[in-house]
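Working notes, beginning with the structure itself.
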Number of protein chains: 2
Amino acid sequence: MEIIKGGVTAAKGYKAAAAECGIKYTGRLDMALVYSECPAVCAATFTKNVVKAAPVKWDRKIISEKETICAVVLNSGIANACTGKEGMEYNEWMAGRMAKELGVDIYDVCTASTGVIGMQLVKEPIERGCRLLCEGLSDSTEAASLAARAIMTTDTIPKEAAVSIDIGGKKVTIGGMSKGSGMIHPDMATMLCVITTDAVIEKNILQKAVSNVVDDTFNMISVDRDTSTNDTVIVMANAMAENDTIKEDSDEYVAFYNGLKTVAETLAKLMAADGEGATKLFTARVVGAKSRQSARILARSVITSNLVKTAVYGSDANWGRILCALGYSGEEFDPEAVDLYIESAGRRLKLVENGMATDYSEEYATQILSDKEVTAVCDMKNGEYEACAWGCDLTYDYVKINGDYRS
Amino acid sequence: MEIIKGGVTAAKGYKAAAAECGIKYTGRLDMALVYSECPAVCAATFTKNVVKAAPVKWDRKIISEKETICAVVLNSGIANACTGKEGMEYNEWMAGRMAKELGVDIYDVCTASTGVIGMQLVKEPIERGCRLLCEGLSDSTEAASLAARAIMTTDTIPKEAAVSIDIGGKKVTIGGMSKGSGMIHPDMATMLCVITTDAVIEKNILQKAVSNVVDDTFNMISVDRDTSTNDTVIVMANAMAENDTIKEDSDEYVAFYNGLKTVAETLAKLMAADGEGATKLFTARVVGAKSRQSARILARSVITSNLVKTAVYGSDANWGRILCALGYSGEEFDPEAVDLYIESAGRRLKLVENGMATDYSEEYATQILSDKEVTAVCDMKNGEYEACAWGCDLTYDYVKINGDYRS
């Protein structure tokens with residue numbers, strides 16, 4: 001596998017565009033389009049929130065009923081959630097406008113929206129946007145980057161990743177973009193993600209890979225425990241790499257799976273590190289757990305604790321809060337067996353052995369925790385399974401951003 | 001029922017004391033004692049965290065094996081959690097010292113600790129403290145208040161409540177104190193609470209009343225979702241009111257239950273309102289739910305959302321976040337049936353009808369939300385059950401307090 005530059009246009013046959021339409025704010029990109037020259041097999045995962053945005057309902061229907069799609073149109077500013085029947089009509093209208101510009105069927109177009117909940121979309125800017133997007137389509141790296149920028153809300157950086165892999169002598173490329181900074185929590189969040197690949201793969205195999213990858217990547221990040229109404233990951237595979245069809249459980253499947261996971265994990269970590277107000281990427285790695293599920297639950301409990309997150313912000317080795325968060329996760333374990341380490345930039349310090357503090361240096365602990373990327377390793381000494389979860393610190397700026405988000 | 005002044009010394013036969021011992025900090029009260037002149041029937045609930053502090057383990061054993069206790073000794077500064085076998089020995093030593101001073105059996109003394117996790121207790125200050133507490137015992141209202149003050153950590157106000165009720169012509173009194181400000185979450189938190197009553201009641205009936213009341217009060221508050229290692233609610237009933245023994249499911253039981261619930265609910269709300277950094281008490285009332293359990297889960301999901309909490313801080317009627325938090329609670333409901341109101345000081349405004357925004361005045365909404373006590377009412381229109389949960393806003397000061405708690 002080779003990690004390469006680029007995003008949604010890295011794979012063969014994909015184009016992207018971004019446009020500034022003034023949907024809610026002026027002077028910023030707020031619509032994006034990802035388009036495949038030929039119909040692409042599609043798979044997706046969506047929010048499990050009972051309250052589902054109009055585009056999520058639209059896409060679920062398309063992904064469940066159709067083999068392929070041609071495009072995904074995305075907007076930021078307005079989430080089109082909690083907008084009732086009228087919201088569904090606006091969404092269908094947006095898909096229809098985009099389809100007409102592209103000359104494809106309306107059911108070839110998935111939609112995604114992110115932004116404020118409860119407002120209706122506005123037709124005039126979106127109509128203009130669809131026209132601009134179609135005119136601006138390009139397979140350049142720059143077009144992909146602008147699309148990644150156009151879907152940002154409180155994000156501070158655009159998020160892209162791409163890899164190329166070898167499948168039976170053919171080069172297969174996988175690239176993606178995502179957004180998400182607040183309302184981010186396992187089971188996905190106000191996150192949107194589009195991943196494109198030129199691999200030849202059947203729909204059910206692609207869906208299996210996507211579901212498993214999302215579980216280990218996007219579902220293992222949390223900024224604030226809030227699972228949003230709009231979470232969407234759409235993966236398109238347009239077969240232009242001309243590899244032999246990827247079979248279930250083959251070596252080729254493993255290669256494809258690892259490539260997809262690398263793209264998704266890179267995007268997921270970029271999202272966690274860019275959590276609202278965050279100054280640090282905080283990773284919890286649980287090892288020695290009795291099952292994979294147990295390791296996942298324990299790791300997520302650590303990265304979602306507000307008390308752990310504020311301690312990470314303060315570079316304070318307050319390990320009691322980490323043990324405490326493990327303890328209320330719902331998982332059973334022996335607290336007096338747990339070892340705890342902190343790591344950053346190749347440094348590693350054991351804070352806890354068998355549930356009690358070691359004689360560690362607070363000064364060195366603070367040095368390690370002052371890094372931009374910090375990991376807590378929890379050894380449960382209870383089995384052979386492990387899991388990683390990614391989050392960020394909780395800061396003044398999180399409160400600032402969300403205390404007056406709408407104003 | 002009459003709400004009266006006072007705390008743990010309001011009921012007959014109880015004395016309290018506070019002492020300044022220098023356990024972790026100097027110049028502040030850090031030990032407290034609640035003592036009954038005659039053995040008191042005891043009931044309790046404890047943290048469900050797998051990581052349990054030494055005093056929790058000690059008390060669980062006493063409460064499960066014994067009918068009565070005489071005293072509860074409490075300290076702040078050090079939580080005696082994650083302290084291993086040595087911590088258990090320190091705890092037993094503290095109970096023993098207190099018992100010796102009081103001239104009672106060591107198993108007549110429950111213990112409670114709150115403060116930093118992972119440090120061992122220190123003998124010299126506690127030995128002096130036990131002596132001072134015994135000398136200082138008094139049934140005055142002031143002694144009770146000082147005890148409530150001595151168990152504070154990041155709390156900004158001492159928390160006390162008391163009621164008197166009539167049981168078959170006899171006046172029965174119930175009074176209590178509690179502490180807790182951070183690490184507060186359903187299933188209790190770094191909260192300690194001692195409630196005393198002079199009622200005549202059997203142990204199993206008292207335990208039933210306590211368990212049910214705790215479920216509806218202390219388990220319905222949240223400051224930060226962090227369930228601590230030390231949560232303890234101990235209720236003592238010393239029979240000095242000489243009422244006829246309270247029988248299960250009798251009118252007298254209902255009167256006693258309501259009295260106990262009022263004390264517990266008052267303390268719980270004081271704790272939520274005094275959440276770390278909080279500027280407002282935020283109540284979620286869910287009505288029209290399909291079951292009591294469903295109402296409880298929905299209400300707790302709303303008060304624990306960081307995004308809702310920051311919106312409450314900003315007095316921003318960002319109702320989408322409330323619907324979103326209902327949506328990811330795990331409960332099924334029809335989002336397009338939900339009505340949502342905000343209330344404060346007798347004012348009430350409907351923000352959402354059938355899942356969509358009404359034409360409400362943002363200005364008036366902000367006025368209502370600017371109050372010190374704010375309620376969100378969620379009508380699920382799905383049944384007849386309701387529940388209340390109490391929390392607070394999430395502010396800069398929460399981050400400040402927890403970003404450098406140990407320094």
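The values are calculated or read from the model by the stated rules, or taken from the named source; none is laboratory data. Quick caveat, the model's predicted, so the values are computed rather than measured. A quick note on method: Cβ atoms are made from the backbone with ideal geometry, for glycine too, and the neighbour counts reach across all protein chains shown. The accessibility values were calculated without ligands, DNA or RNA, using every heavy atom of the protein model including side chains. Shrake-Rupley method; radii C 1.70, N 1.55, O 1.52, S 1.80 Å.
Among the protein heavy atoms, those of A:LYS290 account for about 100 Å² of accessible surface (1.4 Å probe, every chain in place). Helix B:203-216 versus the longest principal axis of chain B: what angle, 0 to 90°, nearest 10, using Cα atoms? Computed tilt is about 30 degrees.
Using a Gaussian network model of chain B in which every pair of alpha carbons under 10 angstrom is joined by a spring, one finds that among B:PRO158, B:PRO335, B:PRO39 the greatest mean-square fluctuation is at B:PRO335.
Restrict the search to segment A:321-383; then list the GluC sites (Glu not before Pro) that DSSP places in a loop and that have at most 11 other Cβ atoms within 10 Å of their Cβ. Can you show the working numbers first?
Numbers: sites: A:GLU331, A:GLU332, A:GLU336, A:GLU343, A:GLU353, A:GLU362, A:GLU363, A:GLU373; in loops: A:GLU331, A:GLU332.
The qualifying sites are A:GLU332.
Using a cutoff of 8 angstrom between alpha carbon atoms and counting only pairs six or more residues apart, the relative contact order for segment A:108-264 works out to 25 percent. Across the copies of the chain, A:LYS170 has label points (7 Å from Cα along Cα→Cβ) spaced 8.7 nm apart, shortest distance listed first. Model label sites at A:CYS38 and B:TYR364, defined 7 Å from Cα along the beta-carbon direction, differ in position by 6.1 nm. Per residue of A:319-332, other chain Cβ atoms within 10 Å of the residue Cβ number 6 on average.
The residues of the protein assembly as shown expose, per residue, 35 Å² of accessible area to a 1.4 Å probe. When chain B is turned onto chain A, its residue with the beta carbon nearest the axis, and that distance in whole angstrom, is B:TYR396, 3. The listed residues A:TRP390, B:TRP93, once ranked by accessible area (1.4 Å probe) with the largest placed first, stand as B:TRP93, A:TRP390.
Compactness ratio of chain A: Cα Rg over 2.2 N^0.38 Å, N = residue count? Can you show the working numbers first?
Numbers: Rg = 21.5 Å, N = 407, 2.2 N^0.38 = 21.6 Å.
Compactness ratio reported: 1.00.
Taking only the C-alpha atoms of segment B:74-229, Rg followed by Dmax gives 16.6, 50 Å. Accessible area of B:ARG292 (1.4 Å probe, protein heavy atoms only, ligands and nucleic acids ignored): about 110 Å².
For B:GLU276, B:GLU242, what's the largest-to-smallest order of accessible area, 1.4 Å probe?
These residues rank, largest area first, as B:GLU242, B:GLU276.
Structural descriptor for segment B:1-153: relative contact order 36 percent, calculated from alpha carbon pairs under 8 angstrom and at least 6 residues apart.
Distance distribution note for the protein assembly as shown: the fraction of Cα pairs above 47 angstrom is 27%. In terms of Cα atoms, the Rg and Dmax of segment A:220-315 work out to 17.2, 52 Å. Based on DSSP, what percent of beta bridges with both residues in the protein assembly as shown are antiparallel, to the nearest 5? Around 70 percent antiparallel, to the nearest 5. Rounded to the nearest whole Hz, the Karplus-based 3J(HN,Hα) values (6.51 cos²θ - 1.76 cosθ + 1.60, θ = phi - 60°) of segment A:164-174 follow the sequence 10, 10, 9, 10, x, x, 9, 7, 10, 10, 10, with x at glycine and proline. What the Cβ-Cβ distance of A:GLU384 and B:LYS123 gives, at R0 = 45 Å and to the nearest 0.05, is a FRET efficiency of 0.60. Enter the angle in degrees (range 0 to 90, nearest 10) between the Cα long axis of helix A:54-65 and the first principal axis of the Cα atoms of chain A, meaning the one along which they spread out most. For A:54-65 against chain A, the angle is about 80 degrees.
Under a Gaussian network description of chain A, with springs only between Cα atoms under 10 Å, the residue in A:TYR313, A:TYR364, A:TYR107 that fluctuates furthest is A:TYR364. An ellipsoid equivalent to segment B:1-116, defined through the eigenvalues of its Cα gyration tensor, has semi-axes of 22, 18, 15 Å when rounded to whole angstrom and sorted largest first. For segment A:367-398, the residues whose amide N sits under 20 Å from a probe point set 7 Å from the Cα of A:GLU336 along the beta carbon direction are A:379-383.
The B-A contact accounts for approximately 4600 Å² of buried accessible area, totalled over both chains at a 1.4 Å probe radius.
Computed over segment A:296-356, the P(r) tail beyond 20 angstrom holds 23 percent of alpha carbon pairs. Quick check: the angle from helix A:141-150's long axis to the longest principal axis of chain A, C-alpha only, nearest 10 degrees? With rounding to tens, the tilt is 80 degrees. Couplings 3J(HN,Hα) of segment B:118-130, computed from phi: x, 8, 7, 5, 10, 6, 4, x, 6, 4, 5, x, 4 Hz, in residue order, whole Hz [Karplus 6.51 cos²θ - 1.76 cosθ + 1.60, θ = phi - 60°; x for Gly and Pro]. The share of accessible area on segment B:7-163 that comes from carbon and sulfur is 50 percent, using a 1.4 angstrom probe. For B:THR26, the point set 7 Å out from Cα toward Cβ sits 6.4 nm from its twins in the other copies, listed from shortest up. Placing pseudo-labels 7 Å out from each Cα toward the beta carbon at B:GLU142 and B:ASN212 gives an inter-label distance of 4.0 nm.
In segment B:348-394, comparing the full protein assembly with the chain on its own, the residues that lose 50 Å² or more of accessible surface at a 1.4 Å probe are B:MET356. Build a GNM of chain A with springs between Cα atoms under 10 Å apart, and of A:CYS82, A:CYS378, A:CYS388 the one that fluctuates most is A:CYS82.
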